[in-house]
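The values are calculated or read from the model by the stated rules, or taken from the named source; none is laboratory data. Source: prediction; values computed, not measured. As a convention, Cβ positions derive from the backbone with ideal geometry for all residues, glycine included, and neighbour counts pool all protein chains shown.
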């Protein structure tokens with residue numbers, strides 16, 4: 001009898017949680033935790049490419065993050081700009097296609113300009129799609145998608161799905177959350193309907209490409225029934 005071939009994830013999403021706790025455990029400023037978190041993003045994106053993922057979606061800034069102190073929001077925006085400026089050439093060379101989900105145009109003009117330049121420069125790439133959720137909330141996404149579907153005709157699950165921010169990406173296979181928390185926090189609620197969930201105690205700044213590989217290996221052992229038997 002031949003062995004059943006393990007299932008392979010095409011699209012993985014990550015809720016990157018634990019920057020603040022990482023810094024607090026080390027008696028460091030919270031901003032340093034976010035900085036180390038960006039370094040983790042860099043390593044994981046490279047790992048996703050090496051593992052052959054078609055799409056990686058990361059939760060970078062939610063619609064609720066505006067409630068954080070102004071200095072923390074400012075630090076996050078500064079880190080975002082540095083990340084784009086320092087890594088864009090590598091993305092282009094590696095064939096990574098950058099995609100933004102959420103309303104990034106709510107950010108300051110200089111941030112918006114950098115994002116749009118990065119989108120243009122990577123648009124023709126055919127490697128791993130890196131979808132970055134910026135000013136993103138799933139409730140908002142579903143409401144926008146339903147409104148767009150209604151403007152075109154009947155509202156069905158198919159017509160709503162066609163208007164989601166992720167409509168051009170493969171279906172979500174695996175959703176990872178770091179830091180030990182076990183909730184979705186308004187992230188990809190529609191897309192996660194039949195995705196596998198994977199929770200780890202590792203704080204995001206400590207998360208590596210090896211941890212991503214472990215999660216994907218765990219995914220490969222699961223049986224996906226989509227409501228059937």
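Restricting attention to the stretch 106-126, the residues that are modelled with pLDDT of 95 or more, in contact with a helix residue (DSSP H, G or I) (Cβ under 9 Å, 6 or more places away or on another chain) and either exposed (fewer than 13 other Cβ atoms within 10 Å of the Cβ) or over 15 Å from residue 84 (Cα atoms) (or both) total 1. Taken together, 200, 166 contain a single residue that is buried (at least 16 other Cβ atoms within 10 Å of the Cβ), closer than 21 Å to residue 23 by Cβ and modelled with pLDDT of 95 or more, which is 200. Of all residues in the stretch 93-110, those being in a helix (DSSP H, G or I) and either in contact with a strand residue (DSSP E or B) (Cβ under 8 Å, 6 or more places away or on another chain) or touching a residue at least 12 places away in the same chain (Cβ under 8 Å) (or both) number 4. Against the numbered list (1) without any contact (Cβ under 8 Å) to a residue 60 or more places away in the chain; (2) over 15 Å from the mean Cα position of the chain (by Cα); (3) surrounded by 14 or more Cβ atoms within 10 Å (Cβ to Cβ); (4) closer than 30 Å to residue 217 by Cβ, residue 90 comes up short only at (3). Residues satisfying the criterion are absent from the stretch 58-75 (criterion: part of a loop (DSSP other than H, G, I, E, B), touching a strand residue (DSSP E or B) at 6+ places or on another chain (Cβ under 8 Å) and within 26 Å of residue 112 (Cα to Cα)). Please verify whether residue 67 is surrounded by fewer than 20 Cβ atoms within 10 Å (Cβ to Cβ) and either touching a helix residue (DSSP H, G or I) at 6+ places or on another chain (Cβ under 8 Å) or modelled with pLDDT of 95 or more (or both), treating the condition exactly as stated. In short, no. Looking only at the stretch 156-166, residues that are in contact with a helix residue (DSSP H, G or I) (Cβ under 6 Å, 6 or more places away or on another chain) and assigned to a helix (DSSP H, G or I) come to 2 in all. Between 98, 32, 85, the distinction of being surrounded by fewer than 18 Cβ atoms within 10 Å (Cβ to Cβ), over 20 Å from residue 210 (Cβ atoms) and in contact with a helix residue (DSSP H, G or I) (Cβ under 6 Å, 6 or more places away or on another chain) belongs to 32 only. Assess whether residue 146 counts as being outside any loop (DSSP other than H, G, I, E, B), modelled with pLDDT of 95 or more, surrounded by 14 or more Cβ atoms within 10 Å (Cβ to Cβ) and in contact with a helix residue (DSSP H, G or I) (Cβ under 8 Å, 6 or more places away or on another chain). For residue 146, the condition - outside any loop (DSSP other than H, G, I, E, B), modelled with pLDDT of 95 or more, surrounded by 14 or more Cβ atoms within 10 Å (Cβ to Cβ) and in contact with a helix residue (DSSP H, G or I) (Cβ under 8 Å, 6 or more places away or on another chain) - is met. Scanning the stretch 117-128 for residues that are under 18 Å from the mean Cα position of the chain (by Cα) and either farther than 18 Å from residue 49 by Cα or in a helix (DSSP H, G or I) (or both) returns 118, 119, 122. Taken together, 153, 227 contain a single residue that is loosely packed, with under 14 Cβ neighbours inside 10 Å, at pLDDT 95 or above and touching a helix residue (DSSP H, G or I) at 6+ places or on another chain (Cβ under 8 Å), which is 153.
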